[in-house]
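K.L.:
Mind having a look at this structure? Questions to follow.
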Amino acid sequence: MSEPAQKGSSWTLLLDYGPLLVFFIAYKMAGSGLQGSLVATLAFMVAVIVSIAIGLAVLKRVSPMVWVSTVLILGFGGITLYLRDPRFIQMKPTVIYVGFAVLLGAGLFRGKPLLKWLFGPVFPGLTHEGWMKLSRNWALFFAALAVANEVMRAYLTFDTWLTLKVWGVTVISLVFAVANMPMLLRHGLDPEKKSEVVTDTPVE
């Protein structure tokens with residue numbers, strides 16, 4: 001990987017996961033309970049706005065998935081602060097996961113993998129079959145995450161939910177992405193081709 005690509009990848013990871021880390025740190029610093037969750041929610045909202053601004057300034061592009069995620073964060077975050085009820089910011093990931101699962105599923109039904117439009121430059125050489133399988137895998141993964149988030153939201157404290165959300169879901173998502181690589185390589189992915197670095201992972 002070239003130096004510019006490495007720099008772009010570093011920025012991408014920072015912009016994708018930085019707001020989640022801010023959310024977690026703000027909650028721990030503000031203390032547990034309602035006050036901590038509200039402070040963390042506000043910090044999360046500010047962090048995603050800063051992330052978008054940096055993405056546009058440094059990478060010159062922010063993916064549609066990140067735009068959608070940011071709008072939902074601001075919307076559910078605003079409701080959380082107005083009603084002083086952290087359950088709404090906890091619902092946001094479920095809405096995102098279900099939305100992406102439905103969109104990917106609809107694309108599969110029509111034979112048009114949505115991920116190709118979103119991630120095309122990131123996976124050069126990938127065949128149509130590869131895109132279809134990748135879209136199927138991520139649709140199922142997002143559906144599973146939606147169910148898991150609702151279970152965690154219903155049975156865990158906000159503190160435990162946030163810890164699993166920031167660390168558990170992030171690690172599982174990265175592992176799942178890596179687990180798809182052998183399939184992608186079998187379906188034409190050419191890592192040697194120059195690819196454009198974009199912010200592709202939705203801030204959850």
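K.L.:
On the basis of being buried (at least 18 other Cβ atoms within 10 Å of the Cβ) and not β-branched (Val, Ile, Thr), does GLY77 make the cut?
P.N.:
Here the answer is yes, as GLY77 does meet what is asked.
K.L.:
Inspect all residues belonging to segment 80-96 and state whether any of them is among the acidic types (Asp, Glu) and surrounded by fewer than 16 Cβ atoms within 10 Å (Cβ to Cβ). Let's see the steps before the verdict.
P.N.:
As a first pass, look at segment 80-96 and keep what is among the acidic types (Asp, Glu): 85.
Keeping just the survivors that are surrounded by fewer than 16 Cβ atoms within 10 Å (Cβ to Cβ) gives 85.
Yes: one or more hits.
K.L.:
With respect to VAL68, is the statement that it is part of a loop (DSSP other than H, G, I, E, B), at pLDDT below 95 and closer than 22 Å to PHE100 by Cβ true?
P.N.:
no
K.L.:
Give just the number: which of (1) exposed (fewer than 14 other Cβ atoms within 10 Å of the Cβ); (2) under 18 Å from LEU81 (Cβ atoms); (3) not hydrophobic (A, V, I, L, M, F, W, C) does LYS60 not satisfy?
P.N.:
(2)
K.L.:
Got a sec? Which of GLY105, GLY99, GLY111 is closer than 19 Å to SER63 by Cβ, surrounded by fewer than 18 Cβ atoms within 10 Å (Cβ to Cβ) and free of Cβ contacts under 8 Å to residues at least 60 places away in the same chain?
P.N.:
GLY99
K.L.:
Determine whether LEU21 is at pLDDT 95 or above and farther than 30 Å from ASP190 by Cβ.
P.N.:
Working: at pLDDT 95 or above: no; farther than 30 Å from ASP190 by Cβ: yes.
The answer is no for LEU21.
The values are calculated or read from the model by the stated rules, or taken from the named source; none is laboratory data. What you see is a predicted model; the values in this text were computed from it and never measured. Positions of Cβ are generated from backbone atoms using ideal geometry, with glycine treated the same way; all protein chains shown enter the neighbour counts.
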